[in-house]
Amino acid sequence: MFIQQLFNGIMQGGLYALLAVGFALLFGVLRLINFSHGSVFMLGAYLTYIFITNLHFPFLLAGLISIILSGFVGIVVERISVAPLRKRKMPFWLGMITTFGMALIIENLSVTIFGGSYRSFPTPIKMVGFEILGAHVTNIQLLTLGVAMLLMILLVLFTQYTWLGRAFRAVSQSEDTSSLMGINANLIVALGFFISGVLAGSAGILVAMYQNIVSVNMGLGVGLKGFFASVMGGIGSIPGAVLGGFLLGIIESLTSAYISADLKNVISFTALILVLMWRPMGLLGKEQL
Amino acid sequence: MKKWLFVLIVLVLLFTAGCQSAPAEPVEDAAPAEEAAPAEEAAPAEEAAPAEEEAESAKEDIMFTGTIELPDEIVFALMGPFTGSYTAGGEDFIQGAAMAIDEINAAGGVRGSSITLKQFDTQLDPAEGANLARNIVSDEKIVALIGPWSSSTVFAVLPIIEEANMALLTPSASSSGIAVSPVGFKVSPDAEIYGSLMVHLAIKELGYTKLAVIFAQNDFSINLQKPMADVAASLGGEFVFEEGFTPDTTDFRSILTNVQNSGAEALLLACYSQEGALIVNQAKELGLELTMIGDGVFFDKTFFEVAGENAEGLYAIGVVNEVANLMDDFSSMPQYVQDFNTRFQERYSEMPEVWERPTYDAVYILAHAVDQVGADRAAIIDYLETFECMQTQTDECFTFGTIHWPLVDLKYYVWENDKFQNVSDAPETDYLPER
Amino acid sequence: MNNPKLKWPSVWLFLPIVLIILPFFFHNQYILQIANLSSIYIILNLAMHLMMGEAGLINLGQAGFYGLGAYAAALLALEFNLPFPITFLAGGLISAFVGFVVALFSMKLKGLYFALISLSVAEIIRIITLVWMDVTRGPMGLPGIPRPKLFGYSFPSNNEPYFILMVILVLITYLTMYWIQHSNFGLALNTIRDSEHAAASLGINVFWNKTIAFVIGCFFTGLAGSFYAHFFTYVGPTFGWHQTMLVLTMSMLGALAGLPGAVMAAILLTTLPEILRPLAMYRQVFYGVLLIVLIIYGQSYLGQRLKRRLKVDRLQTQDLQKGGQNNG
């Protein structure tokens, strides 16, 4: 039974990790808590649903288009709620409020346009269950975990080994210095939001597939989880966010299993507090503040 | 200079807010205008039965108690979550209420006066509800309140509505404390009844002795779950597993794994339809072979779309009309139930789900009350407590009585071959309080 | 006070007087409700102003302490039938105590980490109120909280004497904050806010000053909570995410401006949803748009005031060096 609970935690953790990573990207670069991350997450899933159900696109096409659109929504968010703040050199925590405003706009427009009820998400793959080490697993679970891991690995490779990725890290260390080096910080930031949007949208589609459900409210709690995972894993560290995500999933699963499902958030946040007290920069973070 | 401009703008805004407290024009309800037309044509025909009833009683009144003077426009308030994190309830409210109002007005209104609905959006926030309640009681034209949707919001709103001696009819909220208030009335039966019956179904009808229950941390589900352990004990069974989950949970696998290992024979689900669908699916993914039992509120069309084949063999408890359109023998349902579905389908191009019917009933009950005693808040409350019997969608002989909620016939169903099949009637004794 | 008084622009004197008289003109339940609610939020904002505007603490968990005060007052009134003055103060004291405990183990950390811990604490408090059925009745909340009762007079409802009570409370809070702002303690906080290193090198005990500011802020936050409980006569586990954000946005806007700005921000953001009501479905969308506009463009106005205050503060810092430091 423990194996099963562990598996549950890992599966869920993979999804959290994907969320956290998109979140951490912006957190690391801009010290910005992007409250609209959850809304883009929802849009990725919901747009896919619309494309499949109303426009009859095939699944992969719908998914791809939604993911790209999510990236563009990310850029829109940046242009409206973050760029003006950066231009005026305002403190970073004001970005919390403006991105929250964007979240309100996106979520409520969605409720008005799409309606508030939840809907069945069309999954193209038939569910097949099988046993690994005594735990029940389904092919869809493995698929979502696989895709999530792939995206995260791609992101880590990107930031570590490509020129663009290095530019990212430069800007997150010091915007002024990197500008002096010829890096267009504004472009980097916009790109960051694009990638973050893509990740959020992908996560949304994966979660919708995983649960068979899509609703305009699915983004609400998401921001908190992503934020939690990236903080615990380490501010500004992508691998840290991945670790944080998996940890969160496992903590939640084991708490549900052995203590009480009600208390899983309490336990996970207490764990966060303890980690912060002992190692404020997170498990894998580097002292950057 | 700029400072004074800023101040001036603020003052203007505040004064506008102040002036808005005076009743504004009625807000449009959500029903699309074009769809109302065909519904109205159909309505007078089917409405012949209740309209005749009204005409009859109206004549009696004129004979025995003299004429009742009504304003040209009778206003009811409708409170619900129309925006925010959970809007399905609010949407149901609007659909049910709008249809009822259009039907009544098309048939001549209440003694010639038309009924209007004013909508108040609680956003599922009790504090917001309390704010709105103040607005409602200040508005002299409003004579009764339909809603709110959740028990928590009802509790926040009740003290204010009580002070104003106005009737509050909630089509959906189920907490027992509501009916204790002199002005609170529930159109749906108490959630504790459902919970007790779910246990009875599992033990007496299906023969299980070891039960498990999963419940959400919201007022409805907690009320469902409250009586379960005791009822099980009194029937010779027991709960080997009980677990609650916080409302934002989407992954139940950990809990379900525990259920699997607890030795339970049946799983009772005390939650709403979205969580229910997730639980049913995830249970099947984990290879859980238990029988599962849900309550009437569960079952909307989306639930079955999401659950698909996994819903096969699911048991349910429902009032006749909640699962009407999913019944295998729908044609054997009472005519008024079938007619409602037909009219609803014509108007909204979809089947009714959960709360449209109770809201529809609430409007009709209130209209009936106004017809009998006038557009007076206190008189309406008295009438609601004392009227003997009225035909509604919820029950053929619907009455509130002094307990402020209706006793209705409940049945057990099982979902097989994409339809609900009758299992049996629920018992009438032992679980229902005295009138 | 041993520093030059800030000249209080006359326009800020005119507005509050108008606002206080306003509800008496309308004699309307709804207006009174908004006025009373604004007063509660003003107290919240002033508390946040102390913590954020003066001391530079980023407190993301204010809603948690708000809820804590509300539940404390509610439980004491319902379970133990304690009289109003006690339950009212208890809400504040319990919040302050918990705030003290939190500060003990987190105030040493840098600003952002403290913010994260405060957020976590608020979330923990929220979940506890949700699931601790035996005490808080979970999602069903605590209805039937008695209304305020002072010296035998019960404030039965949302009426004018009630509002007067609220105004008195707001005034007391405001005066407390004003007094702090112009005291040595306030100077120390400002110095810490601008640069902890500089403050430490001046001999200011950063940890204790921040802690005291935080505790005082939590006290008033808890007071606002207990008033919430007695006002709505019902508390439920709704002090969560969206409530946090609402309170936060108000507070952040208020923290940027001076004390009067904090008051204005509270009133504005309480009445705004009411004004926007005719927009029905689009109300929240508009609110979001307004938030963004306010932050981005409101800054230029508010920003100037902040710069002016900072200039004055620098003079005061020099004063501090000469005048000696006697802050604990």
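The values are calculated or read from the model by the stated rules, or taken from the named source; none is laboratory data. These figures come from a predicted structure and were not determined experimentally. We place every Cβ from the backbone using ideal geometry, glycine too, and count neighbours over all the protein chains shown.
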For this session: May I ask you to verify whether B:VAL323 is within 14 Å of chain A (Cβ to nearest Cβ) and either farther than 24 Å from B:SER172 by Cβ or assigned to a helix (DSSP H, G or I) (or both)?
Result: no
Seminar exercise, completed: Within the stretch B:276-299, of all residues that are surrounded by fewer than 23 Cβ atoms within 10 Å (Cβ to Cβ) and touching a residue at least 60 places away in the same chain (Cβ under 8 Å), the one nearest to B:GLN421 (Cα to Cα) is B:GLY296
For this session: Of the numbered conditions (1) touching a residue at least 24 places away in the same chain (Cβ under 8 Å); (2) within 22 Å of C:ILE31 (Cα to Cα), B:GLY112 fails exactly one; give the number of that condition.
Result: (2)
Exercise. Would you call A:PHE41 facing another protein chain (nearest Cβ under 10 Å) and farther than 18 Å from C:ALA115 by Cα?
Worked result: no
For this session: Identify the residue in the stretch A:235-262 that is surrounded by 19 or more Cβ atoms within 10 Å (Cβ to Cβ) and at the interface with chain B (Cβ under 10 Å from one of its Cβ atoms) and, among all such residues, is nearest to C:ILE125 (Cα to Cα).
Result: A:ASP262
Exercise. Within the bounds of the stretch B:138-148, is there any residue that is buried (at least 23 other Cβ atoms within 10 Å of the Cβ), among the small types (Gly, Ala, Ser) and within 21 Å of B:ILE381 (Cα to Cα)?
Worked result: yes
Problem set entry | Odd one out for C:ILE168 among (1) in a helix (DSSP H, G or I); (2) surrounded by 13 or more Cβ atoms within 10 Å (Cβ to Cβ) | (2)
Problem set entry | Counted residues, the stretch C:184-223 - those being among the hydroxyl-bearing types (Ser, Thr, Tyr) and at pLDDT below 90 | 3
Exercise. Would the stretch C:91-113 turn up any residue that is of a type in the set (Val, Ile, Thr), away from every other protein chain (no Cβ under 14 Å), buried (at least 16 other Cβ atoms within 10 Å of the Cβ) and closer than 17 Å to C:GLY64 by Cβ?
Worked result: yes
Problem set entry | Qualifying residue in the stretch B:223-235 (condition: under 29 Å from C:TYR66 (Cα atoms), in the same structural domain as B:ILE293 (by TED's automatic domain parsing), within 19 Å of the chain's Cα centre (by Cα) and surrounded by 24 or more Cβ atoms within 10 Å (Cβ to Cβ)) | yes
Seminar exercise, completed: Residue set C:TYR162, C:TYR174; condition touching a residue at least 24 places away in the same chain (Cβ under 8 Å), under 23 Å from B:ILE161 (Cβ atoms), assigned to a helix (DSSP H, G or I) and among the hydroxyl-bearing types (Ser, Thr, Tyr); output residue C:TYR162
For this session: Only helices (runs of 4 or more DSSP H) wholly contained in the stretch A:81-165 count here; list those with 3 or more residues that are at the interface with another protein chain (Cβ under 7 Å from one of its Cβ atoms) and in contact with a Gly (Cβ under 9 Å, 6 or more places away or on another chain).
Result: A:94-114
For this session: Any chance you could count how many residues in the stretch B:273-320 are among the charged types (D, E, K, R), farther than 22 Å from B:GLN225 by Cβ and either away from every other protein chain (no Cβ under 11 Å) or in contact with an Asp or Glu (Cβ under 6 Å, 6 or more places away or on another chain) (or both)?
Result: 2
For this session: Using the structure shown, decide if A:ILE183 is of a type in the set (A, V, I, L, M), in a helix (DSSP H, G or I) and crowded, with 16+ Cβ neighbours inside 10 Å.
Result: no
Seminar exercise, completed: Heads up, the helices (runs of 4 or more DSSP H) in the stretch C:9-113 (entirely inside) with at least 2 residues that are closer than 23 Å to B:VAL157 by Cβ and within 16 Å of the chain's Cα centre (by Cα) are C:29-48, C:62-80
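The rows are residues; the columns are (1) in contact with a strand residue (DSSP E or B) (Cβ under 7 Å, 6 or more places away or on another chain); (2) free of Cβ contacts under 8 Å to residues at least 12 places away in the same chain; (3) not in a helix (DSSP H, G or I).
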position: B:TYR336; (1), (2), (3): no, no, no
position: B:VAL354; (1), (2), (3): no, no, yes
position: B:TYR360; (1), (2), (3): no, no, no
position: B:ALA369; (1), (2), (3): no, no, no
position: B:TYR383; (1), (2), (3): no, no, no
position: B:GLU388; (1), (2), (3): no, yes, yes
For this session: Sort out which residues of the stretch B:112-146 are touching a helix residue (DSSP H, G or I) at 6+ places or on another chain (Cβ under 6 Å), at pLDDT below 90 and not in a helix (DSSP H, G or I), and write them in order of number.
Result: B:THR122
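For every residue, the table says whether it meets (1) surrounded by 24 or more Cβ atoms within 10 Å (Cβ to Cβ); (2) more than 30 Å from B:GLU385 (Cβ to Cβ); (3) not assigned by TED's automatic domain parsing to the domain that holds B:GLY89.
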position: B:VAL180; (1), (2), (3): no, no, yes
position: B:LYS186; (1), (2), (3): yes, no, yes
position: B:GLU205; (1), (2), (3): no, yes, yes
position: B:LEU211; (1), (2), (3): yes, yes, yes
position: B:PHE215; (1), (2), (3): no, yes, yes
